[in-house]
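Data block below; observations after.
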Amino acid sequence: MPSSKHIFLKRLPITTWLPQYKTSTFFHDLLAGFTVSLTEIPQAIAYAVVAGLSPEYGLYSAFMGGFIYALFGSSKDINIGPTSILCLLVQPYVGKFGPDVAVLACFLSGVIIFLLGLLHLGFVIEFFSYPVIAGFTCAASLQIGSTQIKSLFGIPGKADGFLDAWEAVFDNLDEIKLWDTVLGLVSILVLVILKEVQKFGTLKYKSEWSKNRNVLGIVIFMVSLARNAIIVIIGTVISYNFGQNPPFKITGEVKAGFPPLEPPPFDPTFNGTSYNFSTIAQHFGTTLISLPLVAILEAVSIGKAFSKGKALDATQEMLALGLANIAGSFVRSMPITGSFTRTAVNNSAGVKTPFGGVITSILALLAIAFLTPTFSYVPKASLASVIICAMFYLFDFDAFVVLWKSKKLDLVPFLTTLLCCLFISLEYGILIGIGVNLLFVLYGSARPKLIITEEKNTRGEIFVITPKDTLYFPAAEYLRDMILACEGENATMVVNGKEIRNIDVTVAKSLAVLVRELVEKNQNPILHNFKPSVIQTCIRVDKNLQKYFVESDLSEILKNMQ
């Protein structure tokens with residue numbers, strides 16, 4: 001049994017890498033942390049807009065995760081912070097109850113994630129199959145991108161849902177603003193170009209390149225990584241030069257200074273109305289489950305993707321993520337989790353330890369301290385372009401091709417999840433998708449593969465029925481019907497149980513009924529090669545079954561029947 005010291009060291013991974021920390025390692029982490037911050041800071045501002053919050057909330061969400069994950073996280077690559085999908089999940093509640101509800105959601109998600117980690121219940125994310133995840137991700141990217149179309153074209157008002165967003169656009173085509181549209185479309189074009197030129201650059205030294213080509217490669221790579229920051233900075237500079245009357249819509253007032261260090265608000269107040277905790281919890285409904293599960297899914301799947309074949313301690317990742325959210329809620333953070341984009345940047349920038357996340361967090365704090373007044377000049381069209389481009393690359397285009405080529409039936413849960421998420425809600429969409437997917441699993445359990453062979457001897461026909469997997473209750477009637485369908489005078493029915501690892505009581509009762517029916521039909525039932533545990537289950541259900549179980553060689557049994 002592991003000692004308390006071993007458990008302590010395992011649950012505090014910083015004790016493993018910090019004693020071996022070197023100056024050279026620090027410079028690698030410094031470069032990676034700075035590089036990731038060029039992506040995280042503009043993303044954080046943009047994702048706050050997705051959540052219906054003012055930009056400073058994005059920055060509040062961008063720093064605590066790095067500090068906490070450095071203490072408790074087990075992966076050097078993962079960046080913890082705001083993500084588009086979590087922001088979209090809290091957005092409807094922010095519209096109803098104000099910013100406080102996003103902070104409360106952060107705390108509640110953290111507690112649930114932490115408890116799931118303590119109880120080793122990370123397996124729950126295994127119910128999210130690839131078709132369901134892909135459908136959910138595609139729906140989220142479409143919905144987030146759609147809600148930004150109005151800002152891209154300068155159309156006034158809010159649009160929270162997919163249909164609402166497009167309806168608002170087509171109903172207000174006459175209100176499209178020229179300079180918002182120009183700035184937004186040009187920004188998208190530049191973002192796409194900078195994204196695509198990344199393939200011509202790298203941070204790694206290539207011996208086949210000249211010195212100048214290697215320097216150019218580093219410059220191209222860094223410019224590409226900083227594309228979001230570049231677009232936001234350029235848009236802000238243009239807006240600032242116009243003073244108080246820019247020709248396009250801007251973010252507006254942004255609260256300066258650090259967030260207050262205080263407990264999360266359990267009784268949020270919005271527009272002069274106070275709401276008690278039970279009211280908020282009731283409105284959250286299934287989101288209280290889906291929000292932490294999606295956060296776990298993102299963080300653990302990202303950790304596995306960058307573990308390079310090493311075992312990932314999912315429990316430790318859940319504990320770290322839970323604590324990051326709990327701590328974040330004390331500094332006005334919205335829910336946070338691992339970001340695939342920023343993790344990929346972290347990895348490509350050569351991060352060596354989770355301390356790279358600390359560097360990113362420090363730079364986010366510096367942005368809060370010195371840059372928040374300038375964020376009020378950020379054009380909404382620039383933020384919309386950043387979000388739309390991010391959602392374009394988040395959309396899983398390959399899912400359609402992969403599912404069509406590999407297994408067309410998987411398109412059903414994929415499209416069900418996608419359409420339900422778009423036209424009902426993300427929370428119910430993913431639950432419906434999981435439900436449809438489980439129906440396919442149950443159908444497979446209800447129709448197990450059976451191998452039926454037929455022989456003849458002097459005593460009549462012999463049917464050998466071999467189920468190829470464990471049998472559970474959905475398969476009970478199917479197995480019985482398939483065996484009874486094997487007709488023959490004085491036939492012998494041999495059920496070969498060598499592949500059956502386990503059965504439940506329903507199958508055992510069905511076998512008992514089957515044996516009685518075969519005897520009544522003057523057929524000879526034989527239950528052959530069953531495991532002792534399966535035999536015991538059947539005998540406890542019906543003692544008369546014992547005489548039908550045989551363990552000798554099947555060929556000898558058939559020979560003796562000649």
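The values are calculated or read from the model by the stated rules, or taken from the named source; none is laboratory data. Bear in mind that the values here come from a model prediction, so they are computed numbers and not experimental data. Here the Cβ is made from the backbone with ideal geometry for all residues, glycine too, and neighbour counts use every protein chain on show. SASA here: full protein model, heavy atoms, side chains in, ligands and nucleic acids out. Shrake-Rupley method; radii C 1.70, N 1.55, O 1.52, S 1.80 Å.
Points worth noting:
- Taking the criterion of being part of a helix (DSSP H, G or I) and among the polar types (S, T, N, Q), the residues of region 484-523 that qualify are THR506, SER510.
- Region 145-175, residues that are within 16 Å of ILE424 (Cα to Cα), among the aliphatic types (A, V, I, L, M) and open to solvent by 20 Å² or more (accessible area, probe 1.4 Å): LEU163
- Of the criteria (1) at pLDDT below 90; (2) more than 19 Å from GLY95 (Cβ to Cβ); (3) of a type in the set (A, V, I, L, M), which one LEU163 fails: (2)
- Residues of region 62-74 that are part of a loop (DSSP other than H, G, I, E, B) and open to solvent by 10 Å² or more (accessible area, probe 1.4 Å): PHE63, SER74.
Residue-wise test of (1) under 17 Å from the mean Cα position of the chain (by Cα); (2) basic (Lys, Arg); (3) open to solvent by 20 Å² or more (accessible area, probe 1.4 Å); (4) closer than 28 Å to LEU365 by Cβ.
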position: LYS249; (1), (2), (3), (4): no, yes, yes, no
position: PRO264; (1), (2), (3), (4): no, no, no, yes
position: SER278; (1), (2), (3), (4): no, no, yes, no
position: GLN282; (1), (2), (3), (4): no, no, yes, no
position: LEU288; (1), (2), (3), (4): yes, no, yes, no
position: GLU298; (1), (2), (3), (4): yes, no, yes, yes
position: LEU323; (1), (2), (3), (4): no, no, yes, yes
position: THR341; (1), (2), (3), (4): yes, no, yes, yes
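- Within region 369-405, being in contact with a Phe, Trp or Tyr (Cβ under 6 Å, 6 or more places away or on another chain) and at pLDDT 90 or above holds for PRO379, ALA381.
- Test for TYR472: is it of a type in the set (Phe, Trp, Tyr) and more than 30 Å from ALA295 (Cα to Cα): yes
- The condition of being at pLDDT 90 or above, exposed (fewer than 14 other Cβ atoms within 10 Å of the Cβ) and of a type in the set (A, V, I, L, M, F, W, C) holds for only one of LEU189, LEU194, LEU183, that being LEU189.
- Picking from residues in region 481-505 that are of a type in the set (S, T, N, Q) and out of contact with any Asp or Glu (no Cβ under 9 Å at 6 or more places or on another chain), the one that is surrounded by the most Cβ atoms within 10 Å (Cβ to Cβ) is ASN496.
- Pair list, Cβ under 9 Å, 6 or more apart: region 208-237 residue open to solvent by less than 10 Å² (accessible area, probe 1.4 Å), other residue acidic (Asp, Glu): SER224/GLU196
- Residue count, region 49-61 (criterion: outside any helix (DSSP H, G or I), closer than 19 Å to PHE330 by Cβ and open to solvent by less than 10 Å² (accessible area, probe 1.4 Å)): 2
- Selection status of PHE136, in contact (Cβ under 8 Å) with a residue 12 or more places away in the chain and closer than 30 Å to MET64 by Cα: yes
- Number of residues in region 303-339 that are at negative phi and modelled with pLDDT of 85 or more equals 24.
- In region 401-437, the residues that are among the aromatic types (Phe, Trp, Tyr) and in contact with a Cys (Cβ under 9 Å, 6 or more places away or on another chain): PHE414, TYR428
- Annotation note: of LEU142, LEU115, the sole residue that is open to solvent by 40 Å² or more (accessible area, probe 1.4 Å), over 30 Å from GLU175 (Cα atoms) and assigned to a helix (DSSP H, G or I) is LEU115.
- Filtering GLY444, GLY433 for residues that are part of a helix (DSSP H, G or I), open to solvent by 20 Å² or more (accessible area, probe 1.4 Å) and among the small types (Gly, Ala, Ser) leaves a single hit, GLY444.
- Boolean, ALA46 is open to solvent by less than 10 Å² (accessible area, probe 1.4 Å), over 20 Å from ILE362 (Cβ atoms), at pLDDT 85 or above and not aromatic (Phe, Trp, Tyr): yes
- Candidates are the residues of region 518-549 that are among the hydrophobic types (A, V, I, L, M, F, W, C) and more than 17 Å from PRO467 (Cα to Cα); the one that is modelled with the highest pLDDT is ILE539.
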